Structures are given as C-alpha cells and as structure tokens.
1. Take the residues in region 31-53 that are without any contact (Cβ under 8 Å) to a residue 12 or more places away in the chain and under 21 Å from Arg92 (Cβ atoms); name whichever of them is nearest to the chain's Cα centre (by Cα).
2. Looking at (1) within 13 Å of the chain's Cα centre (by Cα); (2) surrounded by 14 or more Cβ atoms within 10 Å (Cβ to Cβ), which is the one condition that is false for Gly56?
3. Hey, could you check region 85-96 for residues that are out of contact with any helix residue (DSSP H, G or I) (no Cβ under 7 Å at 6 or more places or on another chain) and open to solvent by less than 80 Å² (accessible area, probe 1.4 Å) and say which is farthest from Val38 (Cα to Cα)?
4. Out of curiosity, is Ala76 crowded, with 17+ Cβ neighbours inside 10 Å and out of contact with any strand residue (DSSP E or B) (no Cβ under 7 Å at 6 or more places or on another chain)?
5. Which one of these does Phe82 not meet: (1) open to solvent by 40 Å² or more (accessible area, probe 1.4 Å); (2) at negative phi?
6. Across region 5-44, what is the number of residues that are of a type in the set (Gly, Ala, Ser), open to solvent by 70 Å² or more (accessible area, probe 1.4 Å) and modelled with pLDDT under 50?
Amino acid sequence: MSLAQKLQSKLSHGTDDAQSANPQQKLKDFIAEDPNSVYTFDSERDAPRSELCREGKEKGRKCIQMEMYSTQLFQAMQDQGFFCALPMDPTRTHIECKRIPKN
C-alpha cells in the first residue's frame, strides 16, 4: 500500500488522534509547550494545510503541520494573544507571530 493510499484510508476512516480532529486544540497544545517563543507559519496559496514553526530559545526550532488555511491560522494565533505580521525582510513570505505582553 502506498503512502498516499494509507493517508487516504486514514482520512476516510477517521483517526483516534483527537488533536488531528481539532486543529484549535492542537494549536493550543503546541503553544503551551513554549508560549513566549516566536512562531512562524507558511503555506502555499489557498492550501488547506499550513506549517507552523516555533523558534524556541531553549527548545530550538520545532515545526508541525496544521490542517488550517493560513487565514484561519492567522486568526487563531491572534485569538491566542499573538501579534502576527510579515517579516521585515521583503524576500521572506512567512508570517511571524510574537506574544503580546499582558500588563
């Protein structure tokens, strides 16, 4: 069985992994591991999947795949208390998100 067939089978039959069924919870759990790090995300135009990376100081770089359009991920990161924007370097196309300090 090819990888594509396995993935299709998993998608059509569901999965026991609650996180894959709920991208919002997967996002919250990922952020909770290191909430003060800088996060970046990127995806192809209009793709239903985005790559979210954490640029951790102590834990290093870690990336996960999110089953969310980039516009949904942008909103979800803002809902988690992050300010997201394009980086200053015009050659870069990812979005950078930094936690907004709470007073």
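The values are calculated or read from the model by the stated rules, or taken from the named source; none is laboratory data. All of these numbers come straight from a predicted model, not from anything done at the bench. As a convention, Cβ positions derive from the backbone with ideal geometry for all residues, glycine included, and neighbour counts pool all protein chains shown. In case anyone asks, the SASA skips ligands and DNA or RNA and just uses the protein heavy atoms, side chains included. Shrake-Rupley method; radii C 1.70, N 1.55, O 1.52, S 1.80 Å.
1. Start the filter on region 31-53 by keeping residues that are without any contact (Cβ under 8 Å) to a residue 12 or more places away in the chain, which leaves 32, 44-45.
Within this subset, residues satisfying the condition of being under 21 Å from Arg92 (Cβ atoms) are 44-45.
On the way: Glu44: 13, Arg45: 15 Å.
So the residue we want is Glu44.
2. (1)
3. The initial filter retains those residues of region 85-96 that are out of contact with any helix residue (DSSP H, G or I) (no Cβ under 7 Å at 6 or more places or on another chain), namely 85-94, 96.
Subsequent filtering for residues that are open to solvent by less than 80 Å² (accessible area, probe 1.4 Å) retains 85, 87, 89, 94, 96.
On the way: Ala85: 12, Pro87: 12, Asp89: 16, His94: 12, Glu96: 7 Å.
Looking at residues that are out of contact with any helix residue (DSSP H, G or I) (no Cβ under 7 Å at 6 or more places or on another chain) and open to solvent by less than 80 Å² (accessible area, probe 1.4 Å), I get Asp89.
4. Numbers: crowded, with 17+ Cβ neighbours inside 10 Å: yes; out of contact with any strand residue (DSSP E or B) (no Cβ under 7 Å at 6 or more places or on another chain): yes.
Judged against the criteria, Ala76 is a match.
5. (1)
6. 2
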